[in-house]
Amino acid sequence: MNEMIGKDAKKLELDKVLKRVRTLCNNGVSKELIDGLQPLSDPDLLQERYRENTEAGTLLRLAQPVPTLRFYDIRDHLKRTKSGGVLDVVELSDVKDFLILNEEVVAAGEIYGEYECLGEWVSHLQSFLSLKDRLVLTVDNDGRILDKASKKLHALRRSQITIAGRIKSKMESLVQSDTGKKLLQDQLVTIRNNRFVVPLKAEHRGKIPGIIHDQSATGSTLYIEPNFAVELNNELKQNELDEQEEIRRILRDLSREISASAKMMGSNVHILAELDFIFARARLSKEMDATAPALNLNGYVNLKQARHPLIQGHVVPNDIVLTQDARCVIITGPNTGGKTITLKTLGLLVLMAEMGLDLPCDPGSEVALFDTVFADIGDEQSIEQSLSTYSAHMTNIIRIIAQVTERSLVLLDELGAGTDPTEGAALASSLLEHFNGKGARIMATTHYGELKSFAYKHEGVINASVEFNTKTLRPTYKLLMGTPGLSNALMVAKQLGLKQEIISKAEEYISTEELEISRMIHDLEEKRKQAEEMAAQTEILTYEVERLREQLKDQEKTYEEKHRVTMEKAYAEAEEVMVQAKRDAEELIKELKIGMNQNSRDAQLNVANQTRNKLKDSRSAWTDKKDSYKATRTAETAKLKLGDTVRVLSLGQKGNVLALPNNKGEVLVQIGIMKTSVSLKNLQKIKSEEARPEKTSHARMRSEKSKFISPEVDLRGCTSDEAYEVLEKYLDDAILAGLPKVRIIHGKGTGALQRFTTEYLKNHRSIQKSQMADQNEGGSGVTIAYLHSK
């Protein structure tokens, strides 16, 4: 862990936050970066870190295909090659794996290039493609030199196979012969001292000429190399020696080639470690739902809805503010009310900001960069040093007094405690006055009532308190800036059932002035709560009005578009009607002319009546169509029931029926938070299919999750603790994604990760069974786990 973190930072538990970042790293080099991390005071450098966090967070959120930056630290290997050393096969395999990852990151440069800071890091990576390819052709994943490493090695190994085949063939003939069956202990060919031998019964010594290489523990079997195989075995042995010499030559050549590029490779190691550290910070930010704060050098702090990052479960967020007018904040309130946590939250978040870590608070927060953060928190009594609680606090405060400046943040818990209350309160007032006079930013907690009035007498000092619910007799952990806290002792006693006469007597011992102040604070607190409730209601109403306004805008646009389409359709229909009417009129005129030419007046009247009837029929058809639509809509609205969903035609809004039509034909409708009376003619009943809200399901989330979850997880390079966290999160995601089985890569190595994985899966509630992978899928270096189907 970071040994350079000071005493004050450890009190604020910065080391625990950095330990969490460390577990989110994928390699030892980036973990070393965290171990050497120091607070920064340059806003420009910190802003760059925050941009890196944001870019990495975006890339993770979009699940873009970039490599996991897990690699073995090869810096010692590089150092050895530079001094003329030769790497062994395992070390070459480490370099090979690093260069494979290096080329994957280089290949993903287009993705990284979409982000300014990440792209800048990747642009400095050097490619070692040819060296990587040669190592891939030379070393396999099990740390063995491959046949194709050189033509000579390939020829030597083929020759070994041929010679060994000839030896075994001749010796198999002996074993299967009648002589062999009679003289040999077993009908087999074995190896002793890297030479092929057969097991001869001891009583038949000398009956098969040859060289004895070994005997059994009982002495009943002699392992003999027949004379006819000696020359071939010698040839095989020489071949193997030639093979080892060729391997040494290959290792020397590759080590020299690595040595020539060692400096640039070392630079790449640093770049990939920095990238991994950036992604670790982004993963922490996602865990904490954190944001990047604005930075300043003028001592201004405004943490919006700040949360302590190490508290598990539900955390009550608080606004924490330090300004020029509120340089010193004195927090009062009951024990276990959250005063100390507020101190720690402020100090820890300031230190996290100076480390370039996003903060668990709302967007728009701002933090000052301080030269030093001092903390006097907790009980530091020491038996060895004969220090009481009070003495330990005083020793620490004397240290702070000697170093404090106007660029310091001073956090004091239970100031002046551990001694006589009168003297303690006086000393606390004097210390606050001293630190305030130095221009430092201060936050202090206390139980001394005398310090409440200190804020009213000194510029730049304000009171604050942690809220206490007098009905439930529990703290709410909410910080109230500008309001001093009450002891609530008498009120709590009364709530618990203490007799009123005792409480009244206790009040007599309290001065009238103190009682008045307590009542005034209580009244102010009640008014503050009422104001907060009204503000919350106003905010809700404002939001609802704004939402409806935006909705009306959208619907107005929709209405205008519908109106345009309707008018175009109406114009087209009207034009069609006019054309048809013109045709009908021309036809009627033609018939009239024919009729008028007839001499009979009765015939003329008959033609006129027929023409009039045709005109009536045409008008009646359009009237019937219009009346039919009105009747349909009237019939639907006439059947309205309480709770029906309707559309208010004049507003284009959906609402629900609260009351049936009154004698004026008006219906009471609720639209959002608004209730209004609407004419029945202005309503249209909405079918249940239209009113039904869109459904959501766990299956949809499961489907979305399955798009991004990999069917395998790689634990290589992790400790057991790190592997536990990685595996636990991965299995949760895999179960949610509905994967039937997963591959867990732990490698072979010492077997520690394999044993951990087997034990972990054995006790996991969602694992149906697990087994080693087949040889062609990784063998004992991979475990296949089958998940229970959901």
Length gain on complete extension for the stretch A294 to R166, per 0.36 nm per residue less the alpha carbon to alpha carbon distance?
38.2 nm
log10 of Debye I(q)/I(0), alpha-carbon scatterers only, for the stretch 292-333 at 0.23, 0.25, 0.32 Å⁻¹
-0.94, -1.01, -1.14
Need the full-extension length gain, L146 to K681, defined as separation in residues times 0.36 nm minus the C-alpha distance. One decimal, nm.
183.9 nm
When the Karplus curve 6.51 cos²θ - 1.76 cosθ + 1.60 is applied with θ = phi - 60°, which whole-Hz ³J(HN,Hα) does each residue of the stretch 451-460 get, with x for Gly and Pro?
6, 5, 7, 4, 5, 6, 9, 10, 5, x
May I ask you to derive the FRET efficiency for R755 and K207 from their Cβ-Cβ distance with R0 = 56 Å, giving the value to the nearest 0.05?
0.65
Here the averaged projected area of the stretch 718-784, based on the convex hull of its alpha-carbon atoms and given in nm², is 4.4 nm²
Förster-model FRET efficiency, 22 Å R0, L188 and E235, C-beta, rounded to 0.05:
0.45
Whole-Hz ³J(HN,Hα) for each residue in the stretch 661-670, computed from phi via Karplus 6.51 cos²θ - 1.76 cosθ + 1.60 with θ = phi - 60°, x for glycine and proline: what do you get?
x, 8, 5, 8, x, 9, 10, 7, 10, 9
D420-D15 FRET efficiency (beta carbon distance; Förster radius 30 Å; 0.05 resolution)
0.25
Size of the stretch 152-240 along its principal axes in angstrom, Cα-based, largest extent first?
45, 25, 17
Sorted by chain and then number, the residues having a modelled amide H within less than 5 Å of the amide H of K741, at least 5 places away or on another chain, are L787
Provide Rg over Rh for the stretch 195-271; use the alpha carbon set for both Rg and the Kirkwood Rh (inverse mean inverse pair distance).
1.43
Among 288-295, 181-188, the order from most to least packed when residues are scored by Cβ within 10 Å on average
288-295, 181-188
Where only C-alpha atoms are counted, convex hull volume of the stretch 89-146 per residue in Å³:
70 Å³
Using θ = phi - 60° and the Karplus curve 6.51 cos²θ - 1.76 cosθ + 1.60, what whole-Hz ³J(HN,Hα) does each residue of the stretch 276-283 get, with Gly and Pro shown as x?
5, 4, 4, 5, 5, 5, 5, 5
For the stretch 265-387, report the accessible area per residue in Å² (1.4 Å probe, heavy atoms, rounded to an integer).
36 Å²
Whenever you get a sec, compute what percent of the accessible area on the stretch 349-464 sits on carbon and sulfur atoms (1.4 Å probe).
52 percent
Using the Kirkwood radius over Cα pairs, work out the Stokes-Einstein diffusion coefficient for the stretch 248-291 at 25 °C and 0.890 mPa s, in µm²/s as a whole number.
190 µm²/s
So what is Rg over Rh here for the stretch 231-344, counting just Cα atoms and using Kirkwood for Rh?
1.46
Once you put a point 7 Å from the Cα of A155 and another 7 Å from the Cα of A217, both along the Cβ direction, what distance in nm separates them?
4.6 nm
How would you rank 454-467, 166-179, highest first, on the average number of other Cβ atoms within 10 Å across their residues?
454-467, 166-179
Taking the Kirkwood radius as the inverse of the mean 1/r across Cα pairs, report the Rg/Rh of the stretch 86-242.
1.31
Cα-based convex hull volume of the stretch 335-456 per residue, rounded to whole Å³:
138 Å³
Provide the net charge surrounding E116, with neighbours chosen by a C-beta distance below 12 Å and charges set as Lys +1, Arg +1, Asp -1, Glu -1.
-4
For the stretch 271-417, state the average projected area of the convex hull of the C-alpha atoms over all orientations, rounded to one decimal in nm².
11.2 nm²
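The values are calculated or read from the model by the stated rules, or taken from the named source; none is laboratory data. In this text, all values refer to a predicted model and were calculated from it rather than measured experimentally. Positions of Cβ are backbone-derived with ideal geometry, glycine not excepted, and every protein chain shown enters the neighbour counts. Surface areas here come from the heavy atoms of the whole protein model, side chains and all, with no ligands, DNA or RNA. Shrake-Rupley method; radii C 1.70, N 1.55, O 1.52, S 1.80 Å.
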